[in-house]
Amino acid sequence: MSRKMTVVFHNEELYTDLKVEAARRHMAASEIVAEAVQEWLDEKESEELLPLIKASIAEYEEKGGRDWSEIEKEWEKELEKRERQPIVAEKKKKKDVYT
């Protein structure tokens, strides 16, 4: 759904730069403004998440977290070890019982 909004540019040079950029990109100025606002909102969200990310990293390091590559190598070694082991199938002997 499209919504309309009036933007007042108090800086004439900013308005002119926007119109020139819109012409250069073959886009409407409103599209450029919408992109800029979306980028700003995304950046703002990332800034809000940054303390949570840092806290998670600190907790990971505090509790002795390991790199995924280290775990992956251990798994590969274990798989190789298991592949080298012979497969032993137990066969149960059935007794013939005649009654």
Legend entry - Where labels lie 7 Å past Cα in the beta-carbon direction, separation of Ala29 and Lys63 in nm: 5.3
Legend entry - Crossing angle, helix 12-25 versus the chain [Cα axis fit, 0-90 degrees, rounded to tens]: 50
Inset, instruction - For helix 68-84, report the angle its Cα long axis makes with the longest principal axis of the Cα atoms of the chain; keep it between 0 and 90° and round to the nearest 10°. - result: 30
Legend entry - Structure-derived semi-axes √(5λ) of the Cα gyration tensor in Å: which label, when the choices are [x] 24, 16, 12; [y] 20, 15, 12; [z] 67, 23, 15: [z]
Inset, instruction - For a quick protection proxy, order the peptides 73-81, 12-20 by their average other-Cβ count within 10 Å, most packed first. - result: 12-20, 73-81
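The numbers here are math on the coordinates, done by the rules we state, and not lab data. In this text the structure is predicted, and so the values were computed from the model without any measurement. So basically every Cβ, Gly included, is an ideal-geometry build from the backbone, and we count neighbours across all protein chains shown.
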